[in-house]
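Report on one structure; see the data block that follows.
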Amino acid sequence: MSGTLSGRIALVTGGSRGIGRAIALAFAGEGADVAICHRNDPQAGGTLGELRATGARAIAVDADISSEKDTAALFRTIGDTLGPLDIAVANAGILREAPLLETSAADFDAVISVNLRGTFLTAREAARMMLSRPHAAPAGRIITIASDLAFLGRERMAAYCASKGGILSLTRSLARELAPGILVNAIAPGPVDTDMTSPGTMSAEALAQDLATPLARFARPEEIAAVAVFLAGEGSSFVTGQCYGANGGSTMY
Ligand SMILES: NC(=O)c1ccc[n+]([C@@H]2O[C@H](COP(=O)([O-])OP(=O)(O)OC[C@H]3O[C@@H](n4cnc5c(N)ncnc54)[C@H](O)[C@@H]3O)[C@@H](O)[C@H]2O)c1
């Protein structure tokens, strides 16, 4: 630990497992206090224990990030327990793989609600809280999690890809609107070894497509967390409105 986030307070949505867990632990390892939220995830207690074992103050809140009511309650809890946020990572997301002709409007709405509306609600409440901090506070950081599939598109994942493309447009707009007090950047990961990329969630065909990159492997969640630490810290003080493709070379831009 080098303490680059010492004294900062961070939220990681979907922080109970996978990429969010790795980001939360990396932030705590750098000295931040960390709130995670999740949706009814039995792994949340274990992750909370790991966070506290670093010495960080940490809380875990079961909240549906697509619900305005749950999100407002989540931010109230953070304010009451940890204090005003410096860093928010809108990471919670879901994937439903199905052919277009078998995708109901309800399925489409579910994916857009968690991934895009959830990112909007997280960013809005985070901005409200960050802008109320003292003027001398370092710039707040909002980090969104898109996907390389926002650029590539993927058969049987239209709603997911659309949600991630929307997150990139949202990120650029918020970066303009919230400057200079809050820096807003996206990470667009390629394939990462998590529950989302387990055979139960993705087809064998889609998993094989994920390996067709120059690096030809799945990332470890920690390899995405390293980019989040950079975007949360002082080293990225002149970076806003950008998208970091931690993707093994699947897209190059
Ligand atoms: N795994 C990959 O290959 C990959 C690639 C690119 C982008 N991503 C994105 O990274 C993010 C994290 O993915 P992951 O692979 O770690 O997924 P995961 O399934 O391992 O974890 C998802 C997390 O989101 C939470 N969550 C789900 N629905 C929620 C809701 N309605 N409200 C609050 N929390 C909710 C879960 O509780 C869990 O903590 C997602 O946005 C995903 O789209 C993942």
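The values are calculated or read from the model by the stated rules, or taken from the named source; none is laboratory data. Please read all numbers here as calculations on a predicted model, not as lab measurements. Don't worry about glycine lacking a Cβ; one is built from the backbone with ideal geometry, like all the others, and counts go over all protein chains shown. Please note that ligands, DNA and RNA were not included when accessible areas were found on the heavy atoms of the full protein model with its side chains. Shrake-Rupley method; radii C 1.70, N 1.55, O 1.52, S 1.80 Å.
Descriptive notes on the structure:
- As a fraction of the 1.4 Å probe accessible area of the chain, surface on carbon and sulfur atoms comes out at 56 percent.
- When you restrict to C-alpha pairs under 8 Å that are six or more residues apart and normalise by the size of the range 1-139, the relative contact order lands at 24 percent.
- For the chain, built as a Gaussian network whose Cα springs stay under 10 Å, the top-fluctuating residue of ALA179, ALA150, ALA90: ALA179
- Taken over the range 9-241, the ratio of Cα radius of gyration to 2.2 N^0.38 Å equals 0.96.
- Binned Cα-Cα distance frequencies in the range 77-194 - 5 Å width, integer %: 2, 12, 21, 20, 16, 12, 8, 5, 2, 1, 0
- Contour minus Cα-Cα distance for ALA139 and GLU177 (0.36 nm per residue): 12.3 nm
- Among SER16, SER113, SER104, the largest mean-square fluctuation in a Gaussian network model of the chain, built with springs joining Cα atoms closer than 10 Å, belongs to SER104.
- Using a Gaussian network model of the chain in which every pair of alpha carbons under 10 angstrom is joined by a spring, one finds that among GLU205, GLU222, GLU68 the greatest mean-square fluctuation is at GLU205.
- Mean sequence separation of contacting Cα pairs (under 8 Å, at least six apart), scaled by the length of the range 9-241, corresponds to a relative contact order of 21 percent.
- Charge dipole (debye, nearest 20) of the chain; +1 at Cβ of Lys and Arg, -1 at Cβ of Asp and Glu: 560
- Note that the range 97-253 presents 47 Å² accessible area per residue, ligands and nucleic acids not counted, probe 1.4 Å.
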